[in-house]
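K.L.:
Okay, handing you the structure first.
The values are calculated or read from the model by the stated rules, or taken from the named source; none is laboratory data. All figures in this text were calculated on a predicted structure; none of them were measured in a lab. Here the Cβ positions follow ideal geometry from the backbone for every residue, glycine too, while neighbour counts run over all protein chains shown. Note: accessible area is taken over every heavy atom of the protein model, side chains too, but ligands, DNA and RNA are not part of it. Shrake-Rupley method; radii C 1.70, N 1.55, O 1.52, S 1.80 Å.
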Amino acid sequence: MITVNHVAKSFGENLVLSDIDFEINDGEVVVVIGPSGSGKSTLLRCLNGLEQPTSGTVAVDGQVISDAKVKIEKIRAKMGMVFQQFNLFPHYTVLENIVHAPMVVKHETRDVATKHAKELLRQVGLAEKN
Ligand SMILES: Nc1ncnc2c1ncn2[C@@H]1O[C@H](COP(=O)(O)OP(=O)(O)OP(=O)(O)O)[C@@H](O)[C@H]1O
Ligand SMILES: [Mg+2]
């Protein structure tokens, strides 16, 4: 369960989130809708500790994530977030961007990672982007 209690977030003078209160129960599916710039991403970032609320608290399964005793990495390991921007490396080609992470994180060889990357590009109709 996620419990958001009186969360506010400002960037300088810009008050983005004001006194937000809600609970999301296990298994519940919630959609946040609003105009661009209304604070949807900021709210999500507050839920996983990528942003610190200016005031108020976020608790996950009863643990307040800003509490110094709470290991945020453990909580984040259970949370997924798809970023709006892809954060590609601008100095890499498309293929190199796909090959990089499996080589670093999973220690795949360049050959294996490249083969897999080309297959992924083919699946999404981007085979020419290598
Ligand atoms: N790190 C930051 N520093 C300063 N201002 C920020 C920062 N992050 C977000 N903002 C501002 O907070 C407001 C809300 O931005 P946010 O990205 O949360 O909106 P959003 O609802 O996700 O918009 P979109 O629909 O375009 O994704 C905007 O005015 C934005 O400029
Ligand atoms: Mg957003």
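K.L.:
Tell me, yes or no, whether segment 100-109 has at least one residue that is open to solvent by 80 Å² or more (accessible area, probe 1.4 Å), assigned by TED's automatic domain parsing to the domain that holds Val7 and at pLDDT below 95.
P.N.:
No, segment 100-109 contains no residue that is open to solvent by 80 Å² or more (accessible area, probe 1.4 Å), assigned by TED's automatic domain parsing to the domain that holds Val7 and at pLDDT below 95.
K.L.:
Restricting to segment 47-72, give me the number of residues that are of a type in the set (Asp, Glu) and more than 16 Å from the chain's Cα centre (by Cα).
P.N.:
From segment 47-72, those of a type in the set (Asp, Glu) are 51, 61, 67; that's our starting set.
Remaining after also requiring more than 16 Å from the chain's Cα centre (by Cα): 61, 67.
Number satisfying all stated conditions: 2.
K.L.:
Can you say whether Lys78 is more than 22 Å from the chain's Cα centre (by Cα), more than 15 Å from ligand 1 (Cβ to nearest atom), within 30 Å of Val16 (Cβ to Cβ) and loosely packed, with under 10 Cβ neighbours inside 10 Å, as far as the supplied structure shows? Give the derivation first.
P.N.:
On the way: more than 22 Å from the chain's Cα centre (by Cα): no; more than 15 Å from ligand 1 (Cβ to nearest atom): yes; within 30 Å of Val16 (Cβ to Cβ): yes; loosely packed, with under 10 Cβ neighbours inside 10 Å: yes.
No: the conditions fail for Lys78.
K.L.:
Determine if segment 61-69 includes at least one residue that is farther than 15 Å from Val4 by Cα and either open to solvent by 60 Å² or more (accessible area, probe 1.4 Å) or part of a helix (DSSP H, G or I) (or both). I'd like the intermediate steps shown before the answer.
P.N.:
Start the filter on segment 61-69 by keeping residues that are farther than 15 Å from Val4 by Cα, which leaves 68-69.
Going one step further and asking which of them are either open to solvent by 60 Å² or more (accessible area, probe 1.4 Å) or part of a helix (DSSP H, G or I) (or both), we end up with 68-69.
Yes, that holds for at least one residue.
K.L.:
Within segment 1-18, can you find the residues that are touching a strand residue (DSSP E or B) at 6+ places or on another chain (Cβ under 9 Å) and within 16 Å of ligand 1 (Cβ to nearest atom)? Full working, then the answer.
P.N.:
First, pick out the residues of segment 1-18 that are touching a strand residue (DSSP E or B) at 6+ places or on another chain (Cβ under 9 Å): 1-10, 15-18.
Matches in segment 1-18: Val4, Val7, Ala8, Lys9, Ser10, Leu15, Val16, Leu17, Ser18.
Here's the yes/no breakdown for (1) touching a helix residue (DSSP H, G or I) at 6+ places or on another chain (Cβ under 9 Å); (2) within 16 Å of ligand 2 (Cβ to nearest atom):
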| residue | (1), (2) |
| --- | --- |
| Asn14 | no, yes |
| Leu17 | yes, yes |
| Val30 | no, yes |
| Gly37 | no, yes |
| Ser41 | no, yes |
| Asn48 | yes, yes |
| Gly56 | yes, no |
| Asp67 | no, no |
| Lys74 | no, no |
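K.L.:
Of all residues in segment 22-60, which are farther than 21 Å from Ile72 by Cα and either more than 13 Å from ligand 1 (Cβ to nearest atom) or open to solvent by 90 Å² or more (accessible area, probe 1.4 Å) (or both)?
P.N.:
The answer is Gly27, Glu28, Val29, Val30, Val31, Ile33, Pro35, Ser36.
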